[in-house]
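Let me begin by presenting the structure, written as structure tokens, before commenting on it.
The values are calculated or read from the model by the stated rules, or taken from the named source; none is laboratory data. Worth saying up front: this structure is predicted, and the values here are computed from it rather than measured. Virtual Cβ from ideal backbone geometry, glycine too; neighbours counted across all protein chains shown. Surface areas here come from the heavy atoms of the whole protein model, side chains and all, with no ligands, DNA or RNA. Shrake-Rupley method; radii C 1.70, N 1.55, O 1.52, S 1.80 Å.
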Amino acid sequence: MYAQMVKTDAPRVKSLDEMDPQERAFQERIDAGQKIEPKEWMPEGYRKTLIRQISQHAHSEIVGQLPEGNWITRAPTLERKAILLAKVQDEAGHGLYLYCAAETLGISRDEMYEQLHSGKAKYSSIFNYPTLSWADIGAIGWLVDGAAIMNQVPLQRCSYGPYSRAMIRICKEESFHQRQGFDILMKMVKGTSAQKALAQDALNRWWWPSLMMFGPSDDASVHSAQSMAWKIKQNSNDELRQKFVDQTVPQAEYLGLTIPDADLRWNEAKGGYDFGEPDWNEFFEVIAGNGPCNAERLGARRQAWEDGAWFRDALTAHAEKAARRAQPVAAE
Amino acid sequence: MASATATEAAVDRAAVFEFLLSMGDNALILGHRLSEWCGHAPALEEDIALANTALDLIGQTQLWLGLAGEIEGKGRSADDLAHHRDALEFRNLLLTERPNGDYGKTVMRQFLFDAWHYLCLTALRDSSETRIAAIAEKASKEASYHLERSRDLVIRLGDGTAESHTRMQAALDDLWPYTGEMFMNEASDAELAAAGVAPQPASLKNGWDALVAEALAEATLKKPVDGYMHKGGKRGVHTEHLGYVLAELQFLQRAYPGATW
């Protein structure tokens, strides 16, 4: 997942009759369930919306390395360390994959980094929360990757070919990530009382931020309506959040942990859970840069980029030298 | 004919145990250092490659320390050995615990180590102790890839810009005094070599010199003269840095004694 509140530049969704013939033909292809490929004509708004969404998604994967990387060196066993390394490596790989998908829309990876570092592009609010104990690594896998899967499964059917194909591959790895998170907590709740307390504390801190990952209710959002018309988005934020809660509550019960929501109860009539409203003021503060770790996360990414400039320059310089050396030989 | 029971017969178990610790500890401590980079590398491809290399090294740690525990015969697992020994019981080379420094220093440390690691593991594929040979068979494939990558980066950065050249030369000069330890024979090494369990460390020196000299020449870097060489890691006398590595690495096991994870 990791795309929240993606804007579309649309004042409202046009009907087919209002579209010029080219745009109408495009919309009809989407309505017929056809995939749009990089070299084909597309409305500028469609292109820009996808760039915003895919780059935000990619940035989230990259920034997401930081809270989990925070515990690789302190993982409790060699096996847990190896699994976490593999997971974080997968996520960096997802980032790479997604940057490549965005590049097919005519933006370079360096431009996307520039937008991240300047604050113009966003990444998921969730990665601005700290990982304070080993149980947080379990909670991230279980809840954060669980929420991400809710969002990403429908994205496999997204109208843009490269994004859709990237998501098919990413989803396979995400479900492994979710299982490893659940497994970490499973072991902890069966362990000592101190371990169980850590697990409950992690759930207390990660539950609401996980629900916020889906973004505020977007039933009245023109951006969401446009994204849905373009089949970039398939479900409303509230639908996905409901699905996530319905799936997760029994898992928490299985773990013997308590979800920190006094309003949570089964609603027989709707066949799902009723639950409380996340604190959206907190969400908007985090989006505005005031979360517990915003400055550190973005600071770390900027620093890595700046400190690495000499490295990247050197590789470019070497490649140019090698090309020059190869030339006279080729001319002979 | 190689015998699985070489260690039960002629060779001193303690010597084999110490040797296995050194192999496992090198992988563990260097894997730890590489993990420190997570999310901070100069390019996304580097983040992926470092995590991949660290993952290989942690996997090797499990195998070496697992076998060490078996040979020791006191019921200690790989995790016990990784998380419940203090610095003086660690047998890793001082090179592996050197702080990361800038990315150039991390790459140079990796290359100097990989060149040795690859040669050592290649020799160990013929170990008379078949369990060692089996681990080396797997690990040498990984080390060969690590070496290919770090060697290539040393060449490209050495022969890149003036700044990258300066940084790589500084890294090389700084780390060089930590390379001699790889080839110093300890008392037990002769016994292990005689039994065909492991090569004499000094026997790897010529191959390493040639491999390193060739890459440094292509990187336009000046190979330092062999001068004073730091030592002690293989006997448990480490630098101050290892204590901090272990404080981090062993934190959970120490803070929650007896818990399983």
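Structure summary
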{"item": "Segment B:243-261 residues that are within 7 Å of chain A (Cβ to nearest Cβ) and open to solvent by 70 Å² or more (accessible area, probe 1.4 Å), paired with ones that are modelled with pLDDT of 95 or more and outside any loop (DSSP other than H, G, I, E, B) (beta carbon under 7 Å, 6 or more apart)", "result": "B:T260/A:K187"}
{"item": "Residues (within 14 Å of chain A (Cβ to nearest Cβ) and either surrounded by fewer than 17 Cβ atoms within 10 Å (Cβ to Cβ) or farther than 14 Å from B:Q110 by Cβ (or both)) located in segment B:159-188", "result": "B:D159, B:G160, B:T161, B:A162, B:E163, B:S164, B:H165, B:T166, B:R167, B:Q169, B:A170"}
{"item": "Hey, B:F90 more than 17 Å from B:T61 (Cα to Cα) and not charged (D, E, K, R) or not", "result": "no"}
{"item": "Matching residues in segment A:180-238 - criterion: being open to solvent by less than 20 Å² (accessible area, probe 1.4 Å), more than 17 Å from A:N151 (Cβ to Cβ) and among the polar types (S, T, N, Q)", "result": "A:Q180, A:Q195, A:Q226"}
{"item": "Segment A:283-329, residues that are surrounded by 14 or more Cβ atoms within 10 Å (Cβ to Cβ), acidic (D, E) and farther than 27 Å from A:L132 by Cβ", "result": "A:D313"}
{"item": "Number of the exception - A:Y2 against (1) buried (at least 24 other Cβ atoms within 10 Å of the Cβ); (2) on the phi < 0 side of the Ramachandran plot", "result": "(2)"}
{"item": "Check on B:H32, open to solvent by less than 10 Å² (accessible area, probe 1.4 Å), within 30 Å of A:E306 (Cα to Cα) and of a type outside the set (F, W, Y)", "result": "yes"}
{"item": "Matching residues in segment B:243-261 - criterion: being in contact with a His (Cβ under 7 Å, 6 or more places away or on another chain) and in a loop (DSSP other than H, G, I, E, B)", "result": "B:Q250"}
{"item": "Scan of segment A:239-266 for residues that are open to solvent by 50 Å² or more (accessible area, probe 1.4 Å), under 27 Å from A:Q200 (Cβ atoms) and under 18 Å from the mean Cα position of the chain (by Cα), ordered by number", "result": "A:K243"}
{"item": "Residue identified as hydrophobic (A, V, I, L, M, F, W, C), touching a residue at least 12 places away in the same chain (Cβ under 8 Å) and touching an Asp or Glu at 6+ places or on another chain (Cβ under 8 Å) among A:A139, A:A135", "result": "A:A135"}
{"item": "Selection count where residues are surrounded by 12 or more Cβ atoms within 10 Å (Cβ to Cβ), more than 28 Å from A:E111 (Cβ to Cβ) and out of contact with any helix residue (DSSP H, G or I) (no Cβ under 7 Å at 6 or more places or on another chain), scope segment A:12-24", "result": "1"}
{"item": "Identity of the residue in segment A:67-86, within 22 Å of A:M167 (Cα to Cα) and surrounded by fewer than 23 Cβ atoms within 10 Å (Cβ to Cβ), that ends up farthest from the other protein chains (Cβ to nearest Cβ)", "result": "A:I83"}
{"item": "Filtered residues of segment B:79-94 (kept if surrounded by 16 or more Cβ atoms within 10 Å (Cβ to Cβ) and farther than 16 Å from B:A259 by Cα)", "result": "B:R85, B:A87, B:F90, B:R91, B:N92, B:L93, B:L94"}
{"item": "Out of A:D261, A:D313, sole residue that is away from chain B (no Cβ under 14 Å), of a type in the set (D, E, K, R) and either in a helix (DSSP H, G or I) or touching a Phe, Trp or Tyr at 6+ places or on another chain (Cβ under 7 Å) (or both)", "result": "A:D261"}
{"item": "Which listed residue, of B:E45, B:E97, B:E129, B:E70, is acidic (D, E) and within 21 Å of B:G243 (Cβ to Cβ)", "result": "B:E97"}
{"item": "Residues that are aliphatic (A, V, I, L, M) and either in contact with a Cys (Cβ under 9 Å, 6 or more places away or on another chain) or open to solvent by 20 Å² or more (accessible area, probe 1.4 Å) (or both), drawn from segment A:87-105", "result": "A:V88, A:A92, A:L96"}
{"item": "Criterion: open to solvent by 10 Å² or more (accessible area, probe 1.4 Å), more than 30 Å from B:W261 (Cα to Cα), in contact with a Lys or Arg (Cβ under 7 Å, 6 or more places away or on another chain) and modelled with pLDDT of 95 or more - qualifying residue of A:R47, A:R29, A:R52", "result": "A:R52"}
{"item": "Tabulated pairs, segment A:14-37, first more than 20 Å from A:M167 (Cα to Cα), second open to solvent by 50 Å² or more (accessible area, probe 1.4 Å) and among the aromatic types (F, W, Y), C-beta under 7 angstrom, 6+ apart or interchain", "result": "A:Q22/A:W41; A:F26/A:W41"}
{"item": "Test set (1) in contact (Cβ under 8 Å) with a residue 24 or more places away in the chain; (2) open to solvent by 70 Å² or more (accessible area, probe 1.4 Å); (3) under 23 Å from A:C100 (Cα atoms) - A:W41 fails condition number", "result": "(1)"}
{"item": "Residue in segment B:216-242 that is farthest from the other protein chains (Cβ to nearest Cβ), counting only those that are closer than 24 Å to B:S188 by Cβ, hydrophobic (A, V, I, L, M, F, W, C) and not in a helix (DSSP H, G or I)", "result": "B:M229"}
{"item": "Selection count where residues are of a type outside the set (D, E, K, R) and either in contact with a Gly (Cβ under 6 Å, 6 or more places away or on another chain) or closer than 23 Å to A:Q247 by Cα (or both), scope segment A:271-287", "result": "8"}
{"item": "Matching helices (runs of 4 or more DSSP H) fully within segment A:1-76 where at least 1 residues are charged (D, E, K, R) and touching a Phe, Trp or Tyr at 6+ places or on another chain (Cβ under 8 Å)", "result": "A:44-63"}
{"item": "Counted residues, segment A:114-163 - those being of a type in the set (D, E) and farther than 17 Å from A:L298 by Cβ", "result": "2"}
